[in-house]
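Shown next, in structure tokens, is the structure this report addresses.
The values are calculated or read from the model by the stated rules, or taken from the named source; none is laboratory data. This is a predicted model, so every value here is computed, not measured. As a convention, Cβ positions derive from the backbone with ideal geometry for all residues, glycine included, and neighbour counts pool all protein chains shown. When the accessible area is computed, the model is the full protein with side chains, heavy atoms only, and any ligands, DNA or RNA have been set aside. Shrake-Rupley method; radii C 1.70, N 1.55, O 1.52, S 1.80 Å.
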Amino acid sequence: MHELEIAGDVHALIEGLLPVSLPEASFDRATSSVVIGFGWTELSASTWGLLERCAAAQRSEWPGVVDAWLRETADRAAMAIAEIELLGDVRELLRIRLVPSMSEERRRELVWTSAGDHFDALVVIEHPEYGAPLTRHRAGLLQLRRLGYALSQTRERELADVVDYTRPLAAGGEVRVITKPGSRYVTVLLSELEELLAEEDGDGALVAAPRYDTLLVYPLVSREALKALPAFAAEAAALHGKAQKPCSEHVYLWRGGELEVLDARPRKARSRLKAVLREAGRLYRRGRARR
């Protein structure tokens, strides 16, 4: 049977059954979708999957197939409406967290994008009781698409009041600390290191994200970085070890917008850092006074 003929007959069945199975919905022939308006969103269900079901069934079975599909759609709509009533406009609650790269199994469940080789940008719902990572199922249920605004909301509502200061390192020099105690979002600033380090006369930086509420940064401005590396790594490890919800155990080398994991073995890490400083022409420069 021709696809258009199937669609015409199935859509006619939908229009006939809607008042019984899903009385609050309407059928939009232009988009081939059943549509339910509620709150801030419009819930819709495309009929393409239903048409495939009907194409695989006998014509006499179509009314039952359509009725079952409409009841499934009604169940999904009820779940979505319950979510909306629970959370309100969930779009206002969406945030971005930067987390260490997740397993492929975890990625399949959630809404995320890559943030380089070592971190993933995870979309989450910020709510004191019902907050959680946004699952693909939940995003589909609530018709959430084009979620780029979640990043700007994170910057404006979660990171506008971070504290940025320096403190002495045990081996000399100073480490820059960027923090907001208790926040889950400070690691998002890993994606903005170029801007954060714009005023530093350096060729990269040592970086650590031991907790989600704290970043450690040491700009590479001289050979003093070699002396500072063990103390920097020790401080990062101490913060990571004491954290209730630790982030990354690694020390990273940031250069040109990219993060590279430094080897956990001190000699290997020192060797790599020494090569970077030599390449930058800073190996034989004494440190300058830091702010």
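Find how many whole Å separate the alpha carbon centroid of segment 230-265 from the alpha carbon centroid of segment 120-136.
Between the Cα centres of segment 120-136 and segment 230-265 lies a distance of 25 Å.
Pairs of lysine in the chain with Cα under 18 Å and at least 8 positions apart or on different chains: total?
Counting lysine pairs in the chain gives 4.
In nanometres, what is the gap between the two model label sites at Ser191 and Lys242, each 7 Å from Cα along Cα-to-Cβ?
My value for the distance between the label points is 3.0 nm.
Would you please give the FRET efficiency between Glu92 and Glu72, computed as 1/(1 + (r/R0)^6) with r the Cβ-Cβ distance and R0 = 35 Å, to the nearest 0.05?
Efficiency at R0 = 35 Å is approximately 0.75.
Mind ranking 180-190, 82-92 by how tightly packed they are, going by the mean number of other C-beta atoms within 10 angstrom, highest first?
Top to bottom by mean Cβ count within 10 Å: 180-190, 82-92.
Using 0.36 nm per residue, how much length does the chain from His127 to Arg108 gain when fully extended, once their Cα-Cα distance is taken away?
4.6 nm
Accessible area of Asp28, 1.4 Å probe, to the nearest 10 Å²?
Here the accessible area works out near 60 Å².
How much length, in nm to one decimal, is gained on full extension between Glu42 and Arg157, taken as 0.36 nm per residue of separation minus their Cα-Cα distance?
Here the answer is 38.8 nm.
Could you compute the net charge surrounding Gly37? Neighbours are other residues with a C-beta less than 13 Å from the C-beta of Gly37; K and R count +1, D and E count -1.
-3
Using a 1.4 Å probe on the protein chains only, how many percent of the accessible area of the chain belongs to carbon and sulfur?
Within the chain, the accessible surface is 50 percent carbon and sulfur.
Find the relative contact order for segment 1-47 and round it to a whole percent, using C-alpha pairs within less than 8 Å whose residues are 6+ positions apart.
That works out to 22 percent.
Along the positive direction of the dipole of segment 60-154 (beta-carbon charges: Lys, Arg +1; Asp, Glu -1; about the Cα centre), which of Leu110, Leu122, Val90 reaches farthest?
Positive-most Cα among the choices belongs to Leu122.
Given 0.36 nm per residue, what is the gain on full extension from Ser60 to Ile6 after removing their alpha carbon distance, in nm?
18.2 nm
Using Cα springs under 10 Å in a Gaussian network model of the chain, which residue among Glu52, Glu224, Glu158 shows the largest mean-square fluctuation?
The residue with the greatest mean-square fluctuation here is Glu52.
With r defined as the distance between the Cβ atoms of Ala82 and Arg278 and R0 fixed at 51 Å, what FRET efficiency is calculated, to the nearest 0.05?
That pair, Ala82 with Arg278, gives E of 0.25.
To the nearest 500 deg cm²/dmol, what mean residue ellipticity at 222 nm is calculated for the chain from DSSP H runs of n ≥ 4 alone, each contributing -39,500 (n - 2.57), summed and divided by the residues?
Details: 9 runs with 112 residues, N = 291.
It lands at -12000 deg cm²/dmol.
To the nearest 20 Debye, how big is the dipole of the chain about its Cα centre, given +1 on the beta carbon of each Lys and Arg and -1 on that of each Asp and Glu?
Using only the charged Cβ atoms, the result is roughly 2320 debye.
Can you tell me the order of 146-153, 204-211, 259-266 when each peptide is scored by its average per-residue count of other Cβ atoms within 10 angstrom, highest first?
Top of the packing list down: 204-211, 259-266, 146-153.
Sort Met102, Met79 by heavy-atom solvent-accessible area, probe 1.4 angstrom, most to least. All intermediate terms of the calculation are to be shown ahead of the outcome.
Numbers: Met102 30, Met79 95 Å².
Ranked from most to least accessible, the order is Met79, Met102.
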